[in-house]
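Read through the structure below, which is laid out as structure tokens, and then see the notes.
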Amino acid sequence: MTYAAQSRQFGDLIRDQGAPWASIDGDAAARFALQNRFQTGIDIARYTAAIMREDMAAYDADHGNYTQSLGCWHGFIAQQKMISIKKHFGTTKRRYIYLSGWMIAALRSDFGPLPDQSMHEKTSVPALIEEIYTFLRQADARELNILFRQLDGATGAERAAIQHQIDTYETHVVPIIADIDAGFGNAEATYLLAKKMIEAGACALQIENQVSDEKQCGHQDGKVTVPHEDFHQKIRALRYAFLELGVPDGVIVARTDSLGAGLTKQIAFSKEPGDLADQYNAFLDCEEVDPATLGHSDVLISRAGRLMKPKRLPSNLYQFRAGTGEDRCVLDSIAAIDAGADLIWIETEKPHIEQIAGMMDRVRAVHPTAKLAYNNSPSFNWTLNFRQQVFDAMAAEGLDASAYDRAGLMDVKYDDTELGIAADKRIRTFQADAAKRAGIFHHLITLPTYHTAALSTDNLAKDYFGEMGMLGYVAGVQRKEIRQGIACVRHQNMSGSDIGDDHKEAFAGEAALKAGGVHNTMGQFA
């Protein structure tokens, strides 16, 4: 509905109500309604799920249409990210938000900073989703409020142009891919938490195949996976949650940590040779045994008529054969898609396109439209990895690489060398290249704003508490905000002060006591 139509509709309703509503303004009511387009989190989840489905179809048609996101740990961070995207690119198309369990554990837990091991409150996840969407909706209200104020002083063609901007306004509300870890418990616990996350607005839930109570960060050691059926129960739980809440387009991202996980807690229950459980067990590190030599509490399995003893650790965990990680990732991915996952996520130890593509080629041989969400992780040393990749490529081509120390390629002296420049070029095009070669639909960085907050604070503290004093803030922050057009330089406006003034005027008319008068220092930033 257009702004004018909305205003007319409210005007008709007000007239129908007669004298008691005589002081209610239909135009103001229309503005309130347009500034609150999404009534519930379910509205947001349905809207953003449709966006993701459209983007997935666009990617299938052209792999240049990949999507991106940055991990955010606070609603304000997400809000400023989306405001910046709209400012610089004019649209939020194919840009999402990633909600990282790692950052919730490290930054949002009442227990204080925690490692990424599912020890934080599970309710922190839906709470952050709701917080992010509150800030994104406030960004909409603020920008529309600016347009409404411009409209009040406009006439003729200018007024028509502003009305068109209002009618075609693009929201800051974009899809969130939300990390549900390993489900925080059994399948029922996963289902209950999923519902809370969807009700908060999440249209995409990412779940991993680790044991819930042994969960580790994907880039740490000690990861323990579960048999496929256990994982698939949780995938089904997510789908039931989406269906129950009326979001059938909800997206399930199934993550496998098998590349770096050499342990399992369970031997899978197999009904017949070659079934999925049997394939899982086939990766176990076993040795053939003579029943007469069995030790105390040894566990045995039968494999092709032979009695085998899986290697069991003092922790009561079983280990997989070394070198089977990629094969297990491929099996996990194929099986997850068979079980209803929409996207897969293969956690790797380095950003190497051919390593990813080698696994995805095998997955796509079974599921041709299989698509990845891929973690462009800050846990990778991108500079070192890509410089070493270029070094290795030079050596493979017979080029002279003797001027470089492969182990010391992080040294600043290599920044402007042929190798350093070539590595940076590969990093710059990594996402586009991997989208085309390796089936990566969505590129995300899990923890970027964790690192930017630390870096910017370090720079400010160094300057402000050092010789620069107040100039450290003025030159390093405020002057840059003004010259780069950063919206929050007018922090009173960013926090909703002007919106509040316009509401007061609607409520109280000439009696409104407004904050935006001549003595408001934000006028210095007009």
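Taken together, the values in this text are just the output of simple stated rules run on the coordinates, not laboratory data. Being a predicted model, the structure only gives us computed values, none of them experimental. Reconstructed Cβ throughout: ideal geometry from the backbone, glycine too, with neighbour counts over all protein chains shown.
Observations on the structure shown:
- The helix-only estimate of mean residue ellipticity at 222 nm for the chain, built from DSSP H runs of length n ≥ 4 each weighted as -39500 (n - 2.57), is -15000 deg cm²/dmol after division by the residue total.
- Global geometry of the stretch 333-398, whether rounded, prolate or oblate, following the gyration tensor of its Cα atoms and the 1.5 cut on a/c: oblate
- Stretching A22 away from R306 to a fully extended chain increases their span by 93.4 nm, per 0.36 nm per residue minus the current alpha-carbon distance.
- Förster radius 56 Å - calculated FRET efficiency between A50 and T417, Cβ distance, rounded to 0.05: 0.70
- In this Cβ point-charge picture (+1 for Lys and Arg, -1 for Asp and Glu), the chain has a dipole of about 620 debye about its Cα centre.
- Calculated from backbone phi, Karplus (6.51, -1.76, 1.60) coupling profile of the stretch 430-437 in Hz, x at Gly/Pro: 4, 5, 5, 5, 6, 4, 7, 8
- For the stretch 466-510, the ratio of Cα radius of gyration to the globular rule of thumb 2.2 N^0.38 Å stands at 1.71.
- Taking every alpha-carbon pair within the chain, the share separated by more than 43 Å comes to 30 percent.
- Long-range amide H partners of V224 with built H, under 5 Å: V211, Q216
- Using alpha-carbon coordinates, inclination of helix 418-428 to the longest axis of the chain, degrees: 70 degrees
- On the basis of the beta-carbon distance and an R0 of 45 Å, M1 and A189 show a calculated FRET efficiency of 0.65.
- Listed peptides 108-120, 449-461, 46-58 by packing density, highest first (mean Cβ within 10 Å): 46-58, 108-120, 449-461
- Directionally averaged projected area (the stretch 370-409, Cα convex hull): 4.2 nm².
- Cα-based shape type of the stretch 72-166, given that a ≥ b ≥ c are square roots of the gyration tensor eigenvalues and the cut on a/c is 1.5: prolate
- Backbone geometry of the stretch 103-120 corresponds, through the Karplus equation with coefficients 6.51, -1.76 and 1.60 at θ = phi - 60°, to 3J(HN,Hα) couplings of 6, 4, 4, 6, 10, 10, 8, 5, 7, x, x, 10, x, 7, 9, 6, 9, 7 Hz, x marking Gly and Pro.
- Helix 497-508 and the long axis of the chain differ in direction by around 50°, with both axes built from C-alpha atoms.
- Top positive-direction residue, dipole computed over the stretch 466-510 with Cβ charges, set V474, N493, A508: V474
- From most to least packed by mean Cβ count within 10 Å, the peptides 441-447, 157-163, 414-420 give 441-447, 414-420, 157-163.
- J(HN,Hα) series, the stretch 482-489, from Karplus relation 6.51 cos²θ - 1.76 cosθ + 1.60, nearest Hz, glycine and proline x: 4, 6, 9, x, 6, 4, 7, 4
- Entry note, the chain: relative contact order of 15 percent, from Cα contacts under 8 Å with a spacing of 6+ residues.
- Cβ-Cβ distance of R483 and E505, R₀ of 30 Å, FRET efficiency by 1/(1 + (r/R0)^6): the value works out to about 0.40.
- Protection proxy ranking, peptides 504-516, 136-148, 477-489, average beta carbon neighbours within 10 Å, highest first: 136-148, 477-489, 504-516
- Three semi-axes of the equivalent ellipsoid, the stretch 19-128, Cα gyration tensor, whole Å, largest first: 32, 24, 14
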